[in-house]
Amino acid sequence: MTFARIAGVGGYLPGEPVTNQDLIARGVDTDDAWIVSRTGIRTRHFAAQGVTSSDLALEASRRALAMAGMEAGALDLILVATSTPDMIFPSTATILQAKLGNVGAAAFDLQAVCAGFVYALSVAEKFIRSGSHKKVLVVGADVFSRILDWNDRNTCVLFGDGAGAVVLEAAEYPGILGTAIHADGSKNAILNVPGQVSGGKVTGDPFLRMDGQAVFKFAVSILPSVAQQTCDTAGVSLDEVSWLIPHQANVRIIEFTGKKLGMKPEQVIVTVGEHGNTSAASIPLALDAAVRDGRIQHGQKVILVGVGGGFTWGAVLLRF
Ligand code: ACO
(Lines give C-alpha, C1' and ligand atoms only; values in the text may rest on other atoms or scores of the structure.)
Protein backbone atom coordinates (compact mmCIF):
# COMPACT_ATOMS: atom_id res chain seq x y z
CA MET A 1 0.00 0.00 0.00
CA THR A 2 1.29 3.49 -0.86
CA PHE A 3 0.86 6.44 1.49
CA ALA A 4 1.76 10.14 1.29
CA ARG A 5 4.22 11.86 3.61
CA ILE A 6 5.44 15.43 3.90
CA ALA A 7 9.06 15.69 2.77
CA GLY A 8 9.48 19.46 2.94
CA VAL A 9 7.72 22.71 3.78
CA GLY A 10 8.42 26.30 2.73
CA GLY A 11 6.92 29.74 3.10
CA TYR A 12 7.43 33.19 1.64
CA LEU A 13 6.15 36.63 2.63
CA PRO A 14 6.94 39.54 0.32
CA GLY A 15 8.53 42.81 1.46
CA GLU A 16 8.53 44.43 4.88
CA PRO A 17 5.71 44.09 7.44
CA VAL A 18 3.00 46.73 7.01
CA THR A 19 1.60 47.84 10.39
CA ASN A 20 -1.93 49.00 11.18
CA GLN A 21 -0.44 52.46 11.64
CA ASP A 22 1.04 52.23 8.11
CA LEU A 23 -2.48 51.57 6.76
CA ILE A 24 -3.75 54.69 8.51
CA ALA A 25 -0.83 56.64 7.01
CA ARG A 26 -1.95 55.35 3.58
CA GLY A 27 -5.42 56.79 4.16
CA VAL A 28 -7.46 53.87 5.58
CA ASP A 29 -10.04 55.15 8.10
CA THR A 30 -9.28 52.75 10.96
CA ASP A 31 -7.41 52.44 14.23
CA ASP A 32 -4.88 50.00 15.62
CA ALA A 33 -6.90 49.16 18.75
CA TRP A 34 -10.01 48.24 16.69
CA ILE A 35 -8.06 45.94 14.37
CA VAL A 36 -6.09 44.25 17.16
CA SER A 37 -9.10 43.72 19.45
CA ARG A 38 -11.40 42.38 16.68
CA THR A 39 -8.89 40.34 14.69
CA GLY A 40 -5.47 40.08 16.43
CA ILE A 41 -3.82 41.46 13.27
CA ARG A 42 -0.85 43.81 13.83
CA THR A 43 1.03 43.50 10.54
CA ARG A 44 0.71 41.93 7.08
CA HIS A 45 2.88 41.86 3.93
CA PHE A 46 2.01 43.19 0.48
CA ALA A 47 3.62 42.15 -2.80
CA ALA A 48 5.17 44.99 -4.82
CA GLN A 49 3.42 46.14 -7.99
CA GLY A 50 3.84 43.53 -10.73
CA VAL A 51 4.64 40.66 -8.33
CA THR A 52 2.23 37.77 -8.85
CA SER A 53 1.03 34.68 -7.00
CA SER A 54 3.44 32.51 -9.00
CA ASP A 55 6.38 34.70 -7.93
CA LEU A 56 5.52 34.15 -4.26
CA ALA A 57 4.81 30.46 -4.95
CA LEU A 58 8.22 30.08 -6.55
CA GLU A 59 10.08 31.26 -3.43
CA ALA A 60 7.98 29.08 -1.10
CA SER A 61 8.39 26.08 -3.44
CA ARG A 62 12.18 26.44 -3.63
CA ARG A 63 12.34 26.40 0.18
CA ALA A 64 10.10 23.33 0.43
CA LEU A 65 12.10 21.50 -2.27
CA ALA A 66 15.37 22.36 -0.49
CA MET A 67 14.03 20.91 2.79
CA ALA A 68 12.92 17.79 0.91
CA GLY A 69 16.34 17.53 -0.80
CA MET A 70 14.51 17.26 -4.12
CA GLU A 71 15.09 18.85 -7.53
CA ALA A 72 12.10 20.53 -9.18
CA GLY A 73 12.60 18.25 -12.18
CA ALA A 74 11.67 15.23 -10.04
CA LEU A 75 8.11 16.49 -9.39
CA ASP A 76 5.35 14.66 -11.25
CA LEU A 77 2.43 16.85 -10.11
CA ILE A 78 2.20 20.56 -9.24
CA LEU A 79 -0.97 21.83 -7.58
CA VAL A 80 -1.55 25.50 -6.80
CA ALA A 81 -4.43 26.66 -4.61
CA THR A 82 -5.14 30.30 -5.40
CA SER A 83 -8.00 32.76 -5.88
CA THR A 84 -5.69 35.40 -7.32
CA PRO A 85 -4.16 33.65 -10.35
CA ASP A 86 -1.52 35.40 -12.45
CA MET A 87 -3.81 35.25 -15.49
CA ILE A 88 -7.27 33.99 -16.43
CA PHE A 89 -5.36 31.22 -18.17
CA PRO A 90 -3.05 29.36 -18.27
CA SER A 91 -3.06 28.15 -14.69
CA THR A 92 -0.72 29.62 -12.10
CA ALA A 93 0.51 26.05 -11.59
CA THR A 94 1.86 25.88 -15.16
CA ILE A 95 3.44 29.34 -14.81
CA LEU A 96 5.09 28.15 -11.58
CA GLN A 97 6.17 24.96 -13.33
CA ALA A 98 7.99 26.99 -16.00
CA LYS A 99 9.68 29.16 -13.36
CA LEU A 100 10.80 26.04 -11.49
CA GLY A 101 12.19 24.55 -14.72
CA ASN A 102 10.07 21.42 -14.53
CA VAL A 103 8.81 19.90 -17.77
CA GLY A 104 6.27 17.10 -17.95
CA ALA A 105 4.65 17.10 -14.51
CA ALA A 106 0.88 17.49 -14.47
CA ALA A 107 0.03 21.00 -13.24
CA PHE A 108 -3.28 22.60 -12.35
CA ASP A 109 -4.90 25.16 -10.06
CA LEU A 110 -7.51 24.50 -7.43
CA GLN A 111 -10.00 27.17 -6.34
CA ALA A 112 -11.42 26.83 -2.85
CA VAL A 113 -10.41 30.29 -1.57
CA CYS A 114 -9.10 30.16 2.02
CA ALA A 115 -9.77 26.39 2.23
CA GLY A 116 -7.73 25.91 -0.96
CA PHE A 117 -4.66 24.45 0.71
CA VAL A 118 -6.52 21.73 2.65
CA TYR A 119 -8.46 20.93 -0.53
CA ALA A 120 -5.23 20.72 -2.57
CA LEU A 121 -3.44 18.60 0.03
CA SER A 122 -6.42 16.20 0.10
CA VAL A 123 -6.39 15.93 -3.69
CA ALA A 124 -2.61 15.43 -3.81
CA GLU A 125 -2.83 12.67 -1.22
CA LYS A 126 -5.39 10.83 -3.36
CA PHE A 127 -3.08 11.02 -6.41
CA ILE A 128 -0.24 9.50 -4.39
CA ARG A 129 -2.43 6.86 -2.73
CA SER A 130 -3.70 5.78 -6.18
CA GLY A 131 -0.11 5.12 -7.27
CA SER A 132 -0.36 7.43 -10.28
CA HIS A 133 2.01 10.12 -8.90
CA LYS A 134 4.92 10.01 -6.45
CA LYS A 135 6.35 13.49 -5.92
CA VAL A 136 3.84 16.30 -5.60
CA LEU A 137 4.28 20.01 -4.93
CA VAL A 138 1.24 21.55 -3.19
CA VAL A 139 1.21 25.34 -2.95
CA GLY A 140 -1.16 27.90 -1.46
CA ALA A 141 -0.42 31.36 -2.92
CA ASP A 142 -2.44 34.55 -2.94
CA VAL A 143 -2.05 38.29 -3.52
CA PHE A 144 -5.32 39.48 -1.99
CA SER A 145 -3.96 43.04 -1.95
CA ARG A 146 -4.95 43.07 -5.65
CA ILE A 147 -8.66 42.54 -4.90
CA LEU A 148 -9.07 44.76 -1.82
CA ASP A 149 -11.16 47.92 -1.86
CA TRP A 150 -9.03 50.36 0.16
CA ASN A 151 -12.17 52.41 0.89
CA ASP A 152 -13.83 49.43 2.59
CA ARG A 153 -12.33 49.33 6.09
CA ASN A 154 -14.44 46.27 6.94
CA THR A 155 -12.23 44.15 4.66
CA CYS A 156 -9.00 45.90 3.62
CA VAL A 157 -7.40 45.68 7.08
CA LEU A 158 -7.80 41.89 7.27
CA PHE A 159 -5.71 40.50 4.41
CA GLY A 160 -2.09 40.12 3.31
CA ASP A 161 -0.07 38.43 0.54
CA GLY A 162 2.06 35.29 0.80
CA ALA A 163 2.71 31.71 -0.25
CA GLY A 164 3.30 28.40 1.48
CA ALA A 165 4.31 25.08 -0.05
CA VAL A 166 4.60 21.43 0.86
CA VAL A 167 6.40 18.61 -0.98
CA LEU A 168 4.49 15.35 -0.64
CA GLU A 169 6.04 12.03 -1.60
CA ALA A 170 5.02 8.40 -1.72
CA ALA A 171 5.98 6.45 1.39
CA GLU A 172 5.42 3.04 2.94
CA TYR A 173 3.95 4.58 6.11
CA PRO A 174 1.26 7.24 6.27
CA GLY A 175 2.20 10.87 6.79
CA ILE A 176 -1.32 11.98 5.90
CA LEU A 177 -3.66 10.10 8.22
CA GLY A 178 -7.02 11.51 7.17
CA THR A 179 -8.73 14.21 5.14
CA ALA A 180 -12.22 15.69 4.86
CA ILE A 181 -13.44 18.39 2.47
CA HIS A 182 -16.90 19.95 2.15
CA ALA A 183 -18.76 22.84 0.51
CA ASP A 184 -22.10 24.65 0.75
CA GLY A 185 -22.61 26.75 -2.38
CA SER A 186 -25.78 28.33 -0.99
CA LYS A 187 -23.49 30.54 1.13
CA ASN A 188 -21.52 32.01 -1.78
CA ALA A 189 -22.87 35.54 -1.22
CA ILE A 190 -21.38 36.11 2.26
CA LEU A 191 -17.81 36.24 0.91
CA ASN A 192 -17.02 36.81 -2.75
CA VAL A 193 -15.48 38.88 -5.53
CA PRO A 194 -18.53 39.08 -7.79
CA GLY A 195 -16.97 40.72 -10.88
CA GLN A 196 -15.86 39.05 -14.09
CA VAL A 197 -14.00 39.90 -17.27
CA SER A 198 -16.19 40.04 -20.35
CA GLY A 199 -15.91 41.76 -23.73
CA GLY A 200 -12.57 43.30 -22.79
CA LYS A 201 -13.89 44.90 -19.61
CA VAL A 202 -14.32 44.08 -15.95
CA THR A 203 -18.06 43.77 -15.44
CA GLY A 204 -19.50 43.91 -11.94
CA ASP A 205 -17.59 44.52 -8.74
CA PRO A 206 -13.93 43.42 -8.86
CA PHE A 207 -13.36 43.78 -5.09
CA LEU A 208 -13.65 41.35 -2.19
CA ARG A 209 -17.00 41.72 -0.38
CA MET A 210 -17.82 40.11 2.93
CA ASP A 211 -20.55 39.87 5.52
CA GLY A 212 -18.10 39.63 8.43
CA GLN A 213 -20.54 38.49 11.08
CA ALA A 214 -22.04 35.77 8.88
CA VAL A 215 -18.52 34.54 8.04
CA PHE A 216 -17.59 34.53 11.72
CA LYS A 217 -20.66 32.51 12.72
CA PHE A 218 -20.20 30.00 9.93
CA ALA A 219 -16.47 29.53 10.55
CA VAL A 220 -16.86 28.82 14.27
CA SER A 221 -19.67 26.37 13.55
CA ILE A 222 -17.76 24.15 11.10
CA LEU A 223 -14.05 24.35 11.96
CA PRO A 224 -14.22 22.31 15.19
CA SER A 225 -16.62 19.77 13.71
CA VAL A 226 -14.59 19.05 10.56
CA ALA A 227 -11.42 18.64 12.67
CA GLN A 228 -13.27 16.19 14.93
CA GLN A 229 -14.74 14.33 11.94
CA THR A 230 -11.29 13.93 10.35
CA CYS A 231 -9.77 12.54 13.55
CA ASP A 232 -12.73 10.19 14.11
CA THR A 233 -12.51 8.82 10.56
CA ALA A 234 -8.75 8.27 10.96
CA GLY A 235 -9.31 6.55 14.32
CA VAL A 236 -7.11 9.12 16.08
CA SER A 237 -8.15 10.74 19.35
CA LEU A 238 -7.67 14.50 19.59
CA ASP A 239 -5.58 13.82 22.73
CA GLU A 240 -2.95 12.31 20.44
CA VAL A 241 -2.78 15.45 18.27
CA SER A 242 0.07 17.78 19.29
CA TRP A 243 -0.74 20.79 17.11
CA LEU A 244 -3.74 22.59 15.62
CA ILE A 245 -3.17 24.82 12.59
CA PRO A 246 -6.39 26.64 11.71
CA HIS A 247 -6.83 28.98 8.77
CA GLN A 248 -5.43 32.32 9.92
CA ALA A 249 -8.33 34.75 9.42
CA ASN A 250 -9.02 36.07 12.88
CA VAL A 251 -7.56 35.29 16.29
CA ARG A 252 -11.01 35.04 17.88
CA ILE A 253 -12.09 32.31 15.43
CA ILE A 254 -8.77 30.52 16.01
CA GLU A 255 -9.05 30.66 19.82
CA PHE A 256 -12.67 29.50 19.74
CA THR A 257 -11.76 26.54 17.53
CA GLY A 258 -8.85 25.52 19.78
CA LYS A 259 -10.98 25.75 22.92
CA LYS A 260 -13.85 23.81 21.42
CA LEU A 261 -11.45 21.01 20.45
CA GLY A 262 -9.95 20.94 23.96
CA MET A 263 -6.50 22.03 22.75
CA LYS A 264 -4.28 24.11 25.05
CA PRO A 265 -3.57 27.64 23.72
CA GLU A 266 0.12 26.72 23.31
CA GLN A 267 -0.85 23.83 20.97
CA VAL A 268 -2.50 26.21 18.52
CA ILE A 269 -0.24 27.78 15.86
CA VAL A 270 -1.16 31.44 15.39
CA THR A 271 0.48 33.63 12.74
CA VAL A 272 -2.46 35.90 11.85
CA GLY A 273 -1.05 38.67 14.06
CA GLU A 274 2.02 39.01 11.81
CA HIS A 275 0.74 37.69 8.45
CA GLY A 276 -2.89 38.85 8.35
CA ASN A 277 -5.20 36.58 6.36
CA THR A 278 -3.20 35.27 3.38
CA SER A 279 -6.09 33.05 2.17
CA ALA A 280 -4.80 29.78 0.63
CA ALA A 281 -1.29 30.55 1.90
CA SER A 282 -2.23 30.93 5.55
CA ILE A 283 -2.11 27.29 6.67
CA PRO A 284 1.13 26.28 4.90
CA LEU A 285 2.78 29.52 6.07
CA ALA A 286 1.81 28.71 9.67
CA LEU A 287 2.99 25.11 9.22
CA ASP A 288 6.30 26.33 7.83
CA ALA A 289 6.78 28.79 10.72
CA ALA A 290 6.15 26.13 13.37
CA VAL A 291 8.39 23.55 11.66
CA ARG A 292 11.27 25.97 11.21
CA ASP A 293 11.13 27.35 14.76
CA GLY A 294 11.26 23.77 16.09
CA ARG A 295 7.79 23.54 17.65
CA ILE A 296 6.56 20.83 15.28
CA GLN A 297 8.83 17.78 15.56
CA HIS A 298 9.05 14.70 13.35
CA GLY A 299 6.52 12.06 14.35
CA GLN A 300 4.04 14.51 15.90
CA LYS A 301 0.43 14.63 14.76
CA VAL A 302 -0.89 17.91 13.39
CA ILE A 303 -4.43 18.85 12.34
CA LEU A 304 -4.88 21.50 9.64
CA VAL A 305 -8.35 23.01 9.36
CA GLY A 306 -9.52 25.56 6.81
CA VAL A 307 -12.60 27.49 5.73
CA GLY A 308 -13.13 29.81 2.80
CA GLY A 309 -15.49 31.42 0.34
CA GLY A 310 -17.94 29.16 -1.41
CA PHE A 311 -18.36 28.25 1.38
CA THR A 312 -15.70 25.56 1.45
CA TRP A 313 -14.10 23.87 4.43
CA GLY A 314 -11.96 20.90 5.30
CA ALA A 315 -9.25 19.35 7.44
CA VAL A 316 -6.10 17.27 7.03
CA LEU A 317 -4.68 15.15 9.84
CA LEU A 318 -1.01 14.37 9.37
CA ARG A 319 1.98 12.85 11.10
CA PHE A 320 4.89 15.17 10.36
N1 ACO B 1 -11.58 50.10 11.80
C2 ACO B 1 -12.39 50.74 12.67
N3 ACO B 1 -13.71 50.50 12.74
C4 ACO B 1 -14.23 49.59 11.91
C5 ACO B 1 -13.43 48.89 10.99
C6 ACO B 1 -12.07 49.18 10.95
N7 ACO B 1 -11.21 48.56 10.11
N8 ACO B 1 -14.22 48.04 10.30
C9 ACO B 1 -15.46 48.18 10.78
N10 ACO B 1 -15.48 49.13 11.74
C11 ACO B 1 -16.61 49.58 12.51
C12 ACO B 1 -17.91 49.46 11.75
O13 ACO B 1 -18.09 50.55 10.89
C14 ACO B 1 -18.92 49.44 12.88
O15 ACO B 1 -19.13 50.76 13.32
P16 ACO B 1 -20.63 51.28 13.55
O17 ACO B 1 -21.20 50.37 14.60
O18 ACO B 1 -20.41 52.69 13.98
O19 ACO B 1 -21.28 51.13 12.21
C20 ACO B 1 -18.18 48.73 14.01
O21 ACO B 1 -16.80 48.76 13.65
C22 ACO B 1 -18.64 47.31 14.22
O23 ACO B 1 -18.69 46.64 12.98
P24 ACO B 1 -19.08 45.13 12.94
O25 ACO B 1 -19.13 44.69 11.51
O26 ACO B 1 -20.25 44.89 13.80
O27 ACO B 1 -17.81 44.49 13.64
P28 ACO B 1 -17.61 43.01 14.13
O29 ACO B 1 -17.52 42.99 15.58
O30 ACO B 1 -18.52 42.05 13.44
O31 ACO B 1 -16.17 42.74 13.56
C32 ACO B 1 -15.06 41.57 11.82
C33 ACO B 1 -15.92 42.75 12.17
C34 ACO B 1 -13.70 41.71 12.47
C35 ACO B 1 -14.88 41.56 10.31
C36 ACO B 1 -15.76 40.29 12.32
O37 ACO B 1 -17.07 40.24 11.85
C38 ACO B 1 -15.03 39.08 11.92
O39 ACO B 1 -13.99 38.80 12.44
N40 ACO B 1 -15.61 38.32 10.98
C41 ACO B 1 -14.91 37.19 10.43
C42 ACO B 1 -14.48 37.62 9.12
C43 ACO B 1 -13.18 37.09 8.70
O44 ACO B 1 -12.36 36.65 9.47
N45 ACO B 1 -13.00 37.16 7.43
C46 ACO B 1 -11.81 36.73 6.83
C47 ACO B 1 -12.10 36.30 5.47
S48 ACO B 1 -13.09 34.92 5.49
C49 ACO B 1 -12.13 33.65 5.58
O50 ACO B 1 -10.94 33.75 5.58
C51 ACO B 1 -12.79 32.38 5.67
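Miscellaneous remarks
- Some residue of the stretch 174-187 being outside any strand (DSSP E or B), of a type in the set (A, V, I, L, M) and out of contact with any His (no Cβ under 6 Å at 6 or more places or on another chain): no
- Failed condition for residue 133, given (1) in a helix (DSSP H, G or I); (2) open to solvent by 10 Å² or more (accessible area, probe 1.4 Å); (3) in contact with a Leu (Cβ under 8 Å, 6 or more places away or on another chain); (4) away from the ligand (no atom under 16 Å from the Cβ): (1)
- Any hit, the stretch 156-169, residues being under 22 Å from residue 117 (Cβ atoms), more than 16 Å from the ligand (Cβ to nearest atom) and open to solvent by 10 Å² or more (accessible area, probe 1.4 Å): yes
- When every residue of the stretch 140-151 is checked against the conditions, at least one turns out to be β-branched (Val, Ile, Thr), open to solvent by 10 Å² or more (accessible area, probe 1.4 Å), under 30 Å from residue 31 (Cα atoms) and away from the ligand (no atom under 11 Å from the Cβ).
- Pairs with Cβ under 8 Å, 6+ apart, first in the stretch 86-97 and in contact (Cβ under 8 Å) with a residue 12 or more places away in the chain, second of a type in the set (D, E, K, R): 91/109; 92/86; 92/109; 93/109; 95/86
- Filter pass, residue 214 being small (Gly, Ala, Ser), crowded, with 21+ Cβ neighbours inside 10 Å, within 16 Å of the ligand (Cβ to nearest atom) and in contact (Cβ under 8 Å) with a residue 24 or more places away in the chain: no
- Within the stretch 1-59, considering residues that are of a type in the set (Lys, Arg) and assigned to a strand (DSSP E or B), the one most open to solvent (accessible area, probe 1.4 Å): 5
The values are calculated or read from the model by the stated rules, or taken from the named source; none is laboratory data. These figures come from a predicted structure and were not determined experimentally. As a convention, Cβ positions derive from the backbone with ideal geometry for all residues, glycine included, and neighbour counts pool all protein chains shown. All accessible areas refer to the heavy atoms of the entire protein, side chains included, with ligands and DNA or RNA removed. Shrake-Rupley method; radii C 1.70, N 1.55, O 1.52, S 1.80 Å.
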